[in-house]
Structure formats: structure tokens, C-alpha cells
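Participant: Here it is, the structure in full.
The values are calculated or read from the model by the stated rules, or taken from the named source; none is laboratory data. Fair warning: this is a prediction, and the values are worked out from it, not measured in the lab. Don't worry about glycine lacking a Cβ; one is built from the backbone with ideal geometry, like all the others, and counts go over all protein chains shown. All accessible areas refer to the heavy atoms of the entire protein, side chains included, with ligands and DNA or RNA removed. Shrake-Rupley method; radii C 1.70, N 1.55, O 1.52, S 1.80 Å.
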Amino acid sequence: MTADSGPADDPFHHLHDEDYARPFARRMATAGTLVTRAGRDGISLDGEWHLTLDLFDEGLRQRWFELDDNPPSQWATPRDYEIEAGERVPVPSCWNVLKPEWTHFEGGAWYTRWFDWQPGEAGERTVLHVGAANYLAHVFLNGAHLGGHQGGSTPFCLEATAHLSPGRNRLQVYVENRRRADRVPMHHIDWFNYGGLYREVALLRLPPVFVRQASAALTADGAAIRFRLVLSDAADGEALVEIAELGLRAVVPVKAGQGEMIVPAKPVRWSPAAPRLYDVRFAFGADVVTERIGFRTLEVRGTQILLNGAPIWLKGVCVHEDDLALGKVATEADIRRRFRHARELGCNFLRLAHYPHHEAVARIADEEGLLLWAEVPVYWAIDFANPATLADARNQLSELIIRDINRASVILWGVGNENADTDARLAFMVELARTAKHLDPSRLTAAACLINRERFAIEDRLAAHLDVIGLNEYFGWYEPDFLGLDRLLANSDPGKPVIVSETGADAAPSHRGAGRVLFTEDWQADFYREQFRRLAATPYIAGLAAWLLYDFRTERRQTRFQRGFNRKGLLAEDKKTRKRAFFALAEQFATIGEDGTRHPD
Ligand code: GCU
């Protein structure tokens, strides 16, 4: 029996081994193994790969990754996997949108490609960086298991140095997207469960000691910049940080791989109206990381959110990563289109539902001056009592925060969505809120909470552990009328800012009707007028995020109006057809200033 496999002499061992996945679970990439890509010229491995679907996980059971590349004429024994027999597919991609018969595939799949490699300088290290794979991934290089990753929307890094060969190398990624009760999210979601290697894949060539994390942010008083570095190893030494436009250059002492320094500075503040970014350079030894960073302060005062010391009212819209042609793959064009439509609505804010979006979203929002709520998919029911599930959620949150730590546009870390208020859920999510604050004291924490039905108030035990309360409410859609909203708003005294993190109604494009006719564009438009009138007049409401920008795929919705789509979009899934509610909401947003002052003329 080898360390990681069954009896070498029994060719049928894999038929009886239901514990086949355990050996691979030992080497999992986590937030602690992330390597920042900022300013690094990675070697892209995007492009054409071979893909073979693997519904029964035969690849892990039979260890397909150990097979040679020989043609059938040279096979000594029969096999069930042949790389070239797989489909040629683009990476990044979601298999669901590549072939009609793959639309609803939920299982394992094997991506394989070859690449040429020539060794670099002595001591050079090479790290594989994967933008995201939904949900579980295991990576094999030349037949060796580099490691795996759990979590469908965050990046991961695995060291490849020891297994690279001069010349031709074979890289295989097993990706598995099954929905399971112990995962984050669980198996019941209101979006489409795309699967695949759906964000960029690259190799990073690095010196023997390199920078894993590098951040710079204004101190709470706005008078200085805190620089932080985390190295690949527990090395001592000096890092150099520079912001040339500020004439700032400082040596940061590094001890056991960690360095931190506060340097007085007065950068021009980043804001939605003036999204000023600075080039920041971090260097340690031979490694250099460069970031474009906006400097701003965030705080909560009473029931207001303050950006750079001034109240800001969040005029927002929610977005999913969902595209008719691309599935969950986000392109720069797709991201900029989202922002154009949000701007046309009059938004200064987007909620990136319900999982970490592509890294480029926050980078582009930094440039364009939009504010973001980023979150992890602790969505609806979760196995809150399961320590492994908590570890998974905490790791996804940590990977999101570490990835986007330098993004001025990200102002809120969302730790959950519409979770029932139980003791297990409270303990689980308090842990997440604490994790967010520990990793990043500079940003605000939130969660999209439900209302307290017994007291009919905006009350949730988790709220005491959050900076901002998110409230999902659908009075006028799932609830019969707006009287409940009047009652709720009058009956609540949350004592901290509340953002209506979701509110919306379905409308089938071009379906019309007067009065409250469900699924008509007319009702969706009236819905927003009625909602906004009440919310904008409530002092503790600091903003709202309409649910949502575009219709999106979901298997839960099958009426003649929906046919597999959630129709609460302000635009249809073609991302062109604006519904009447789009204009109605834009009119409402135009009556409230960036600071929340109303001018209803
Ligand atoms: C919930 C949930 C969303 C869902 C929406 C809806 O609030 O958070 O993910 O799509 O309601 O019912 O449309």
C-alpha cells in the first residue's frame, strides 16, 4: 500500500474504496498560501485545455493523473481515461454553457494541458495561481498532487517548484461542483450552479523569498498610511515601500516574515466623485509588488456611514456573476457594462451577490469611483454546527479579504445572507464577523439579515456584532402590501446604519398590466416607487441595493414568466432590454443626494 493509494497489487481496489478522496485532502491551499498577483507578470496558462467529465470521480479513484501520455497502441493494460479523447475547451470557462448536454452537469471533471518550461535562476520558486474553480479543485503536475482548494469563488495558490521539468510539463486540474449540505453555500441556492475552471490560471516565477501579501491603507485618523507585508517565509530583513507621487519612501523592518509601519502622509482622498489612485511599490530583496491604491477613511457614526468624514447614502443595485453566453465567467467588458448600467441608474454602490466576484471588479470600481459590498456565500441554510463548514466559510472570507485588501471601492464585508437566527448560526457568523475585523479593521462588516417576525422589527442577534445591518425585505412582492413595511420601519430602532440589502419584484419583459398584476413591468416599477418613498424618509436607512440589475438563471423558477430565470432584473438577461422599473428607480435615485439629503422636486 503506498502512502496515498490502495494495494499496489490489487487492480480492483478502487472499486471498493469509498474513502478515495481522503489522501488528497491533506494538502489544501488556504488564505495563508495566497500570493498576491499585484503587478506581477504571471505566465498565463489560459487558452485551450482538454476536458473530460467525471461523474463518478473515477479519476481520483483510479488515479488517472498517474497515467502516461502514450497512445493506445502502447497501453500495457486497458484504461478508462484518455486526455485527447476529451473535448477541447477554453479556460477560463464554465462547462455548463459549452455543450447543451453539459448544462446541468454537477460532478467532477478533468482539465489537462501541457506547457513548456525552462528553469530560471538558482533558487527560483514557481507558484501556480488559480483565480477560482467551482467548487473543489485538485491540481496535479506531471502526475504529482500539488494540492487542492475548497471554495467556489476565491483564488488559490500552490507551489509547483519541485515538480516542474525542463521542457514539456503536464498540468491537470480536477474540478468538482456538487452541491452538498456541508458546503458554503449549501445545496439550496437561488442562482445557477456553474462548474469549471472559470477564472484565470497562471504561473508566477518568484525569488527564494517573496511577498505574499502587501497592503497600504490610511489610519483611522487619516493622518498616516499603514503599510503591511507578509513574506513567503519567516525571514528577517528590510522592505522598501514607496509612493513616488507623495515623495514617500520608507524602510519597513521585517521580522519573522512580517512587517508593518505607519508613515505620516496626506494623500488626496479617494471618493466616488474623485477616485484618486496612487502607485504604491513594495519591495523585499529581489521581489517587487506594485498596486494602484485609493486612500479613504470609513466609519459609522450613529445611523450614518461616513466616507472621508462625510455621510454617504448608498444608492445601489445587486449583481450576480451570470451571463447567457459566459455563465459565471466575468470579462472586463462585462464588468464595465454592469458599471455603465449602474451609473445610468444613478448608483454609487453595488452589492456583489452572493459570493466573491472576479478580482477585476473591485479594481475597475476603484478606477470608476463605485462603492462595493463584497460577501461570502453563507447563504440561507448552512451546516452551522459543522466545524469543517465554519473553517471553509472562514477561509473563503479570509481569501476574499486578502485578495481585495487594497481596493478602496470595497467598503463592506458581507458575512451572510438571509440566515435563520439560531444559536448555531449566531456563533458561526460572529466568528466570521470577528475574522473580518481581525484581518481588516479598516472596513465595515455587514450581513443581509431577515426581519424579526415575532417583534416585527429590524432586529437580529447578529446585528450587535456588525457595523451595518443589511435588511432583505420584499414588502409589496412576497408580502401582500406595503403596510408591513410601514409597520416595520416605525417599529424599529436599530441604533446603527441599515442598508436595505435587497428589495425587488419580478417582471417578465414586455408583460404589462395596470394595478397589482404580478410579473408585470408596471407593478415592478410601482413597487420601487412605493419602496423608495418609505425608505428614503427613514433616518436610520443609509441606503438600498435593488434586487437586482439583470435577470439571471436559476432552476427554482419555472412559471411561464420565469422559465428558469429570476426576473427581478431591472434589465432582462440580454443585458440590453431595460424594464420600466429601471427608469422608475433611476427617477427615485435622482431625488436623493450622495449624502442622503432629499430633493423630491
Ligand atoms: C432572496 C435571496 C436572493 C433571491 C431573492 C429572490 O432575498 O437573497 O438570492 O434571488 O430573494 O427571491 O429573488
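Participant: For region 468-477, does any single residue satisfy the condition of being at negative phi, within 15 Å of the ligand (Cβ to nearest atom) and either over 25 Å from the mean Cα position of the chain (by Cα) or exposed (fewer than 14 other Cβ atoms within 10 Å of the Cβ) (or both)?
Facilitator: Taking every residue of region 468-477 in turn, at least one turns out to be at negative phi, within 15 Å of the ligand (Cβ to nearest atom) and either over 25 Å from the mean Cα position of the chain (by Cα) or exposed (fewer than 14 other Cβ atoms within 10 Å of the Cβ) (or both).
Participant: Can you name every residue in region 317-370 that is away from the ligand (no atom under 16 Å from the Cβ) and assigned to a loop (DSSP other than H, G, I, E, B)?
Facilitator: The answer is Leu324, Ala325, Leu326, Val329, Ala330, Thr331, Gly346, Cys347, Asn348, His358, Gly369, Leu370.
Participant: To continue, here is another question. If only one of Phe552, Phe519, Phe532 is in contact with a His (Cβ under 9 Å, 6 or more places away or on another chain), under 30 Å from Arg336 (Cβ atoms) and of a type in the set (Phe, Trp, Tyr), which one is it?
Facilitator: Phe552
Participant: Now a separate question. Can you list the strands (runs of 3 or more DSSP E) lying wholly within region 139-233 that have 1 or more residues being among the charged types (D, E, K, R)?
Facilitator: Of the strands (runs of 3 or more DSSP E) lying wholly inside region 139-233, those with at least 1 residues that are among the charged types (D, E, K, R) span 156-159, 167-176, 201-206, 211-218, 224-231.
Residues checked against (1) of a type in the set (Ser, Thr, Tyr); (2) touching a helix residue (DSSP H, G or I) at 6+ places or on another chain (Cβ under 8 Å):
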position	(1), (2)
Pro497	no, no
Glu502	no, no
Arg512	no, yes
Phe519	no, no
Tyr528	yes, yes
Pro539	no, no
Leu549	no, yes
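Participant: Taking the options Val251, Val300, Val288, name whichever one is farther than 16 Å from Phe227 by Cβ, in a strand (DSSP E or B) and open to solvent by 10 Å² or more (accessible area, probe 1.4 Å).
Facilitator: Val300
Participant: While we're here: Where residues in region 557-581 are charged (D, E, K, R) and farther than 22 Å from Gly316 by Cα, which of them is most open to solvent (accessible area, probe 1.4 Å)?
Facilitator: Only one residue fits best here, namely Arg560.
Participant: Could I ask something else about it? Enumerate the pairs (first residue in region 491-515 and within 22 Å of Ile305 (Cβ to Cβ) and open to solvent by 30 Å² or more (accessible area, probe 1.4 Å); second residue anywhere and in a loop (DSSP other than H, G, I, E, B) and within 16 Å of the ligand (Cβ to nearest atom)) with beta-carbon separation below 9 Å, excluding pairs fewer than 6 apart on the same chain, so at least 6 apart or on different chains.
Facilitator: Listed pairs, sorted by first residue: Asp493/Ile458.
Participant: Kindly provide the set of residues from region 400-422 that are within 16 Å of the ligand (Cβ to nearest atom) and either not assigned by TED's automatic domain parsing to the domain that holds Ala447 or not small (Gly, Ala, Ser) (or both), ordered by number.
Facilitator: Listed by number, the residues that qualify are Leu412, Val415, Asn417, Glu418, Asn419, Asp421.
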